[in-house]
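I have placed the structure first, in the form of structure tokens, so that the comments after it can refer back to it.
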């Protein structure tokens with residue numbers, strides 16, 4: 001398997017790490033900083049990738065339910081993470097602009113918005129679907145009362161855990177012993 005020193009040398013000289021950071025200055029200043037840091041040692045090279053919001057394009061080869069779930073999940077995330085009605089309206093508008101940009105048909109978008117917000121839809125087609133703060137908080141409260149898929153998965157795992165490992169004093173687990181002569185003898189006085 002090699003020398004025992006191999007692992008130590010690998011830990012010293014081979015670093016493959018991911019760093020997450022936020023940067024409040026310009027992208028050009030970040031590039032200059034990384035260029036400067038990359039001159040420190042010939043074996044250390046830092047690179048950066050700026051995360052962009054990504055949405056599966058409608059023209060990709062996925063089943064229809066995937067695109068429906070993307071819209072529904074985007075709306076659920078907007079309702080869950082928006083603490084104010086204005087923030088939810090902003091996110092809702094952003095979703096409505098982002099989806100056609102990625103090729104989603106407007107009829108699918110409108111149908112899924114109506115299906116998701118069906119209990120809280122305003123009568124006007126021009127106004128937002130949830131037209132006041134009270135309706136938003138009703139929807140948000142209902143949504144927050146439901147577990148996320150991850151919470152459901154953890155709960156299911158806990159419910160179906162292997163209970164054979166627990167120490168239980170159960171009569172069915174005790175070995176069966178045949179009765180002794182003393183147990184079957186009746187003594188009368």
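What FRET efficiency would be calculated for the residue pair residue 21, residue 150, taking the C-beta separation as r and a Förster radius of 30 Å, to the nearest 0.05? Don't jump to the answer; show the numbers that get you there.
On the way: r = 26 Å, r/R0 = 0.86.
With a Förster radius of 30 Å, E is 0.70.
For residue 159 and residue 69, what is the calculated FRET efficiency with R₀ set at 25 Å and r taken between the beta-carbons, to the nearest 0.05? Numbers along the way, then the final one.
Numbers: r = 25 Å, r/R0 = 1.01.
Efficiency, from the Cβ-Cβ distance: 0.50.
Coordinate-derived values only; no laboratory data. This one's a predicted model, so the numbers in the text were calculated from it and none came from an experiment. Heads up, the Cβs are rebuilt from the backbone with ideal geometry, glycines too, and the neighbour counts pull from every protein chain shown.
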